[in-house]
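Scroll down for the structure; my scribbles are underneath it.
The values are calculated or read from the model by the stated rules, or taken from the named source; none is laboratory data. Not measured: the values here are computed from a predicted model. Neighbour counts are summed over all protein chains in view; Cβ atoms, including those assigned to glycine, are modelled from backbone coordinates with ideal geometry. Heads up: the accessible areas ignore ligands, DNA and RNA and are worked out on the full protein's heavy atoms, side chains in. Shrake-Rupley method; radii C 1.70, N 1.55, O 1.52, S 1.80 Å.
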Amino acid sequence: MTSRAATSIAVRAPAKLNLFLAVGPPAEDGYHALTTVFLAVSMFDTVTVSHVRARTGLRLAVSGPDSAAVPADASNLAWRAAVLLAQRSGIDADADIAIDKQIPVAAGLAGGSADAAATLVALDGLWGTALDRGQLAELAAELGSDVPFSLHGHVALGTGRGDRLSAVLARGRTDWVLGIARTGLSTPVVYAELDRLRAQRDLPSDGDPAGVLTALRQGDPELLSGALTNDLAVAALSLRPDLRRALRVGEEAGALGQLISGSGPTVAYLARDAEHAITVAARLSAEGLFASVRVASGPAPGARFARSAR
Ligand code: ATP
């Protein structure tokens with residue numbers, strides 16, 4: 001029996017949290033050296049790619065609650081991923097790309113990176129370019145610092161710009177409540193604010209993720225709650241003072257700990273287990289501080305096939 005190539009492939013990729021994020025001074029190219037511990041959590045965008053009639057190029061559609069905030073043109077990271085894969089493989093970039101966007105936009109959850117990673121995996125399947133994971137990871141790193149982790153998923157230590165990943169042992173799962181703000185924060189603006197604040201005063205950074213790594217290895221959420229670290233928090237709080245209250249209410253709602261995710265403004269609250277997460281989420285919802293309050297758990301897998309059709 002001959003197998004026909006797939007005409008449509010769907011891949012989902014997860015949101016991420018940074019459980020530890022130490023930011024070094026900016027290098028000459030403006031990028032900051034990072035040490036970060038990534039955790040992929042169970043909130044996913046799905047990218048579905050399908051064949052178009054020959055040589056009609058790329059078409060992109062975005063659906064989901066935040067779709068209006070996402071460009072549906074060549075500036076979209078998914079589109080850029082498609083162009084890069086086609087160029088490197090020496091083929092024409094012809095495909096329909098549909099993003100079902102469930103990861104909030106400009107939220108510090110790496111939603112754009114998830115879409116780029118999912119697009120690489122989906123189009124690699126559709127176009128039959130058959131790159132291995134290492135080759136896909138190289139393309140991912142060209143697209144953005146968080147894209148390699150979106151591809152990888154689970155838990156990882158990120159160095160360099162966050163794009164050099166190494167393995168982290170994690171026992172069991174962790175349960176989270178995510179407080180999604182009504183408006184996003186721009187990552188470059190948050191980094192610029194950190195540079196500005198550091199030029200004014202001494203802001204010590206603990207570059208050692210040992211506390212988070214030990215807590216993950218032991219699968220101990222109490223220990224993890226005391227080790228959560230984010231150097232960008234001071235900058236996000238400077239730009240959005242209202243986040244102070246969002247952090248404070250975590251304690252009142254019974255969370256074990258809380259932190260701003262990446263460049264924010266999403267606040268991630270750590271729960272003891274799934275049941276506790278639902279209780280904390282209900283209490284946080286009642287505060288009325290957020291556009292939405294969602295529960296998620298980690299580690300979640302990286303960009304993976306969800307379905308294909310022939
Ligand atoms: P990170 O945590 O990686 O810094 P983020 O999660 O804060 O990023 P994103 O949701 O990835 O932010 O999007 C940041 C900006 O990138 C958006 O405001 C949007 O204009 C642009 N963008 C381009 N492509 C996408 C995409 N596929 N999804 C979301 N935003 C995109």
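Give me the dipole magnitude in Debye, nearest 20, for segment 106-179 about the Cα centre, with unit charges on the beta carbon: positive for Lys and Arg, negative for Asp and Glu. Could the numbers behind the result be given before it?
Working: 5 positive and 8 negative charges, 62 e Å.
Approximately 300 debye in magnitude.
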* Can you tell me the Rg and the Dmax, both Å, for the Cα atoms in segment 8-113? -> 16.1, 49
* To do: Can you tell me which of 144-154, 62-72, 252-262 comes out highest on packing, and rank the rest after it, using the mean Cβ neighbours within 10 Å?
  => 144-154, 252-262, 62-72
* Relative contact order, percent, segment 169-233 [alpha-carbon distance under 8 Å, six or more residues apart] -> 50
* Report the full-extension gain for the segment S8 to R171: residue separation times 0.36 nm, less the Cα-Cα distance, to one decimal in nm. => 55.1 nm
* Structure fact -> The rounded separation in angstrom of the Cα centers of segment 116-133 and segment 154-226 is 29
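For the chain, what does the relative contact order come out to in percent, with C-alpha contacts under 8 Å and a separation of six or more?
Details: 726 pairs, mean separation 85.4, N = 310.
Answer for the chain is 28 percent.
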* Amide H neighbours of G254 under 5 Å, at least 5 residues apart or on other chains, H built in the peptide plane: list them. => none
* R201 paired with A309, simple spin-label distance in nm, labels 7 Å along Cα-to-beta-carbon -> 5.7
* Taking the dipole about the Cα centre of the chain, with the C-beta of Lys and Arg at +1 and of Asp and Glu at -1, give me whichever of L143, L185, T214 is farthest to the positive side. => L143
* **20 Å-binned pair-distance histogram of the chain (Cα, whole percent)** => 34, 56, 10, 0
* Structure fact -> Mean Cβ-within-10 Å packing, highest first, puts peptides 196-207, 178-189, 11-22, 39-50 in the order 11-22, 39-50, 178-189, 196-207
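Write down the accessible area per residue of segment 174-298 in Å², having rolled a 1.4 Å probe over the full set of protein chains. Show your work: numbers first, answer last.
Numbers: 5570 Å² over 125 residues.
Per residue, segment 174-298 has an accessible area of 45 Å².
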* Structure fact -> Result for segment 8-168: accessible area per residue, probe 1.4 angstrom, in square angstrom, of 38
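Ignoring any ligand, DNA or RNA, what whole percent of the accessible area of the chain comes from carbon and sulfur when the probe is 1.4 angstrom?
51
Between A74 and R55, 0.36 nm times their residue separation minus their Cα-Cα distance comes to what?
Working: separation 19, 0.36 × 19 = 6.84 nm, distance 1.66 nm.
Gain on stretching A74 to R55: 5.2 nm.
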* Which value at 222 nm does the chain reach when only helices count, each DSSP H run of 4 or more adding -39,500 (n - 2.57), with the total divided by all residues and rounded to the nearest 500 deg cm²/dmol? -> -10500 deg cm²/dmol
* **Global size of segment 174-298 as Cα Rg and Dmax, reported in angstrom** => 14.7, 44
* To do: May I ask you to evaluate 6.51 cos²θ - 1.76 cosθ + 1.60, the Karplus curve with θ = phi - 60°, for each residue of segment 289-299 and list the ³J(HN,Hα) values in order in whole Hz, giving x for glycine and proline?
  => 7, 10, 5, 7, 10, 10, 9, 7, 10, x, x
